[in-house]
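Please read the structure below before turning to the comments.
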Amino acid sequence: MKKIFVLVLGLALPFLFAITLSSCKKDKVTVDNQEPEGDGLIQNAVKDYDGNTYDAVKLGNQVWMASNLRTTHYADGTAIPLGEMMHDLSASTPYRYYPDNNSSTVNTYGYLYNFSAATNKVSSSTANPSGVQGACPNGWHLPSDAEWKELTDYLSTQSNFQSGGAANIAKALASTSGWDQSSVPNSVGNNQSSNNATGFNALPAGECQQTPNYFGGSAYFWTATKYGNGTGENDLVAIDRVMRYYEATVTSEEYGAFKQNGMSVRCVRD
């Protein structure tokens, strides 16, 4: 009887070990909308009104969308009008535009939005968090300049996100392809396969004014913050953040950008 028990146990052990091993592996499978303990990707973190699903990335104390917004509606179902670059230019009327004036780019690059569309006609915010939902889905918002600064300041403290200096963090945010080539060391367009250490996946959708500009060369992102005191001529200008193929840093344009321009939008979780 003992021999039979030992034989049965011997046959069962590999099966039990296989179950245990399988269980261990299962625990490591990424679950939708599961937040990592540290920095990392969150799959299927949010869905917009149109049904588009977005991954997100946790960086420090913030959670950012990992792709550009591509919704055609606000969260309440109100449509965001599609504008024609040469004709529909406005600092006050919301418009969205095709990157590079080409509808086939939207699935990858998202839409470009003017400031009015990005903020849903909210004037501006300097707060952190901004409190401006804008075109973002429920539970998310358009980041202020202060929130962008929190992101870049954090990345500058993490050596694994730096490329040749604390300020050189653009490569860690930029996508691994699609950028114009650059010979400048540590720049976004140089050795692109080493980009995107953060998972942020910034894409060079360019911008639009009267015509499309810098597609493949730069990524422009609206903040929710007006430039300067927001009065007089400054009322027509807001702060944006830029990554360029020949630069290693994330910058903001010296005097802001005209609100009628079309730029990409990234949302931050409330």
Hey, if we sort Lys149, Lys47 by accessible area with the 1.4 Å probe, largest down, what's the order? Lys47, Lys149
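Rounded to two decimals, what ratio of Rg to Rh does the chain give with C-alpha atoms and a Kirkwood Rh? Walk me through the numbers before you get to the answer.
On the way: Rg = 22.6 Å, Rh = 19.8 Å.
When Rh is taken as the Kirkwood radius, the ratio is 1.14.
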How much accessible area does Leu41 have with a 1.4 Å probe, in Å² rounded to the nearest 10? 90
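Run lengths n ≥ 4 of DSSP H only: what is the helix-derived mean residue ellipticity at 222 nm for the chain, with -39500 (n - 2.57) per run over all residues, to the nearest 500?
Working: 5 runs with 50 residues, N = 270.
So the helix-based figure for the chain works out to -5500 deg cm²/dmol.
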Just the accessible area for Val250, please: 1.4 Å probe, Å², rounded to the nearest 10? 30
Taking the square root of 5 times each eigenvalue of the Cα gyration tensor, what semi-axes in Å does the equivalent ellipsoid of the stretch 172-225 have, largest first? 20, 14, 8
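What does the extension gain come out to for Glu253 and Ser104, with contour length at 0.36 nm per residue minus their alpha carbon separation?
Details: separation 149, 0.36 × 149 = 53.64 nm, distance 2.82 nm.
Length difference between fully extended and current span is 50.8 nm.
Which whole-number value in Å² is the accessible area per residue of the stretch 53-138, probe 1.4 Å? The partial results should precede the final answer.
Working: 3440 Å² over 86 residues.
Solvent-accessible surface per residue comes out at 40 Å².
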Obtain the nm distance between the two label points defined at Glu35 and Gln158 by a simple spin-label model: each point lies 7 Å from its Cα along the Cα-to-C-beta direction. 1.5
Lysine pairs with alpha-carbon atoms under 16 Å apart, the chain, spacing 8 or more or separate chains: 5
If one takes the longest principal axis of the Cα atoms in the chain, at what angle in degrees, from 0 to 90 and to the nearest 10, does the Cα axis of helix 2-27 lie? 0
Given a 10 angstrom Cα cut-off, can you work out which residue in Ser104, Ser116, Ser67 is the most mobile in a GNM of the chain? Ser104
According to a simple spin-label model (label point 7 Å from Cα along Cα-to-Cβ), what is the distance in nm between Thr78 and Asp235? 2.0
Virtual spin-label span in nm between Asn128 and Gln43, 7 Å along Cα→Cβ: 3.2
Residue-span extension gain [Ser194 to Lys149] - 0.36 nm each, minus C-alpha spacing: 13.9 nm
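The values are calculated or read from the model by the stated rules, or taken from the named source; none is laboratory data. Because the structure is predicted, anything quoted here is derived from the model rather than measured. Because the Cβ atoms are built from the backbone with ideal geometry, glycine has one as well, and the counts that use them run over all protein chains shown. Each accessible area value is taken on the protein alone, full model and side chains, heavy atoms only, with ligands, DNA and RNA left out. Shrake-Rupley method; radii C 1.70, N 1.55, O 1.52, S 1.80 Å.
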